[in-house]
Amino acid sequence: MSTKKKILTLSDHPLSPSGVGTQTKYVCEALLKTGRYSIISLGGAIKHQNYNPIAVEPYDQDWRIIPVDGYGTQEMIRSILRTEKVDAIWIMTDPRFWGWLWSMENEIRPLCPIVYYHVWDNYPYPQFNKRYYACNDHIATISKVSDDIVRTVAPEVDCTYVPHAVNGEIFKPLSIEQIENIRSSTLNPQDREKFVFFWNNRNARRKQSGTLIFWFKEWLDKNNLHEKAQLIMHTDPKDPHGQDLTHIIENLGLKQNQVLFSTTKVTSNDLSAMYNMADCTINISDAEGFGLATLESLSCGTPIIVNMTGGLQEQVTNGSEWFGVGLKPSSKSIIGSQEVPYIYEDRLDKNQFMNALTKMYYMTPESRRAMGNKGRDHVLNNYNFETFNKQWTDLMDSVMEKHGSWEDRKDYNGIYFGEVA
């Protein structure tokens, strides 16, 4: 009989290219490599070709992925708990997606602990999340912002800062000769000497994809750089959750390859080549839990231009040095919904952004390369793969030891006391 601890993960599909999916895969692989864990993953948040469970190689039955719509259902959780007798449930993404799960906390936590990898973008402190935080045995936080939020809102819940990480052996700087070869084989002949700005995000509202194109075009006009600079956007220009980017570039008359779309799914090695080919990577989201693309870019030695929001602000500087240009929001509007009553939305000033493009464009290649290399060191020191893997294995080992599961379950009785007026 297997003595491995069995973990049920709920998140984006671990083999999908999203930031949540990628980090979930990294966590699963870290645990599996110890030989002490097996994993069942409910892979959600994408459209599936079929719903047949798969065994992930080379782990075979130690890692099974079950495709689901959304992130799963209460009935699925009840069934898996009983038939698989999992030792812990691990979940990731922001709290809006887990109300249905936490509402059955009284069914889950008497049997096994819940570990939550928390994503939250901004202040003010979301006191409305306190009831959700209290439903977990341990919360891991992806950024310094989210860590401060959890410790302030729910100090009674165990919490560990575990920022995102990238594989520095894949996302690494290439030689000047290698980069020239990539440009020659990838770009049109007339574009190979252009300054390349790169944008790798989902085409969604908060990512400000349309704003980026409008402002980039205005910057080209202002500086007469239509034949000298290019923006490459690795995204779906027709994403139903975003703007029609193809229509925007046609409407703006950008017909000379000033803006190009990369729409094909690529491997991590190919993506690394794209970061290396670029002179600068951009992210001006108005809200960003962490922002994996810019971290990957820095790992490749390519500097970044980012909005100082969420996890982006801890990437672009270590407090004394800068690894690109950090843009302080010109406004912080309180927005919200019935689920999220209030949160800041950080917006940039157009001229501030255009000045950042100018600064990066007119830096010497040597200065840009030195800035990018310092960014690479920053990633290796603070967001490296080895530390990330060790943090997660140590964390899950400690959760298993402290809280147990089923017959050995500890530290949970489900009884709360409150004062009745």
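The table that follows gives values for the structure above.
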read-out	value
Single unsatisfied condition, Leu212 versus (1) under 22 Å from the mean Cα position of the chain (by Cα); (2) in a helix (DSSP H, G or I); (3) over 17 Å from Cys280 (Cα atoms)	(3)
Members of segment 11-39 found to be in a strand (DSSP E or B) and modelled with pLDDT of 95 or more, listed by number	Tyr37, Ser38, Ile39
Some residue of segment 163-182 being in contact with a Ser or Thr (Cβ under 7 Å, 6 or more places away or on another chain) and among the polar types (S, T, N, Q)	no
Segment 265-294: number of residues that are assigned to a loop (DSSP other than H, G, I, E, B) and out of contact with any helix residue (DSSP H, G or I) (no Cβ under 9 Å at 6 or more places or on another chain)	2
Meets criteria (in a loop (DSSP other than H, G, I, E, B), at positive phi and not polar (S, T, N, Q)) for Gly253	yes
Candidate set: segment 161-178, residues that are surrounded by 18 or more Cβ atoms within 10 Å (Cβ to Cβ) and of a type in the set (Val, Ile, Thr); chosen: the one farthest from Lys228 (Cα to Cα)	Val162
Top-ranked residue in segment 333-368 [being among the basic types (Lys, Arg) and touching a residue at least 40 places away in the same chain (Cβ under 8 Å); ranked as nearest to Gly289 (Cα to Cα)]	Arg347
Of the criteria (1) buried (at least 17 other Cβ atoms within 10 Å of the Cβ); (2) modelled with pLDDT of 95 or more; (3) not aromatic (Phe, Trp, Tyr), which one Glu288 fails	(2)
One residue from Ile91, Ile149, Ile80 being among the β-branched types (Val, Ile, Thr) and out of contact with any Phe, Trp or Tyr (no Cβ under 7 Å at 6 or more places or on another chain)	Ile80
All positions within segment 42-92 that are on the phi > 0 side of the Ramachandran plot and out of contact with any Asp or Glu (no Cβ under 7 Å at 6 or more places or on another chain)	Asp60, Gly70, Gly72, Lys85
Qualifying strands (runs of 3 or more DSSP E) (wholly inside segment 41-149; at least 1 residues being in contact with a strand residue (DSSP E or B) (Cβ under 7 Å, 6 or more places away or on another chain) and closer than 25 Å to Lys402 by Cβ)	60-67, 88-93, 114-118, 138-141
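For (1) farther than 30 Å from Gln352 by Cα; (2) touching a residue at least 60 places away in the same chain (Cβ under 8 Å), each residue gets a yes or a no:
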site: Ile142; (1), (2): no, yes
site: Asp147; (1), (2): no, no
site: Gly168; (1), (2): yes, yes
site: Thr186; (1), (2): yes, yes
site: Val196; (1), (2): no, yes
site: Arg202; (1), (2): no, yes
site: Trp219; (1), (2): no, yes
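The values are calculated or read from the model by the stated rules, or taken from the named source; none is laboratory data. For clarity, every value in this text was computed on a predicted model and none was experimentally measured. Positions of Cβ are generated from backbone atoms using ideal geometry, with glycine treated the same way; all protein chains shown enter the neighbour counts.
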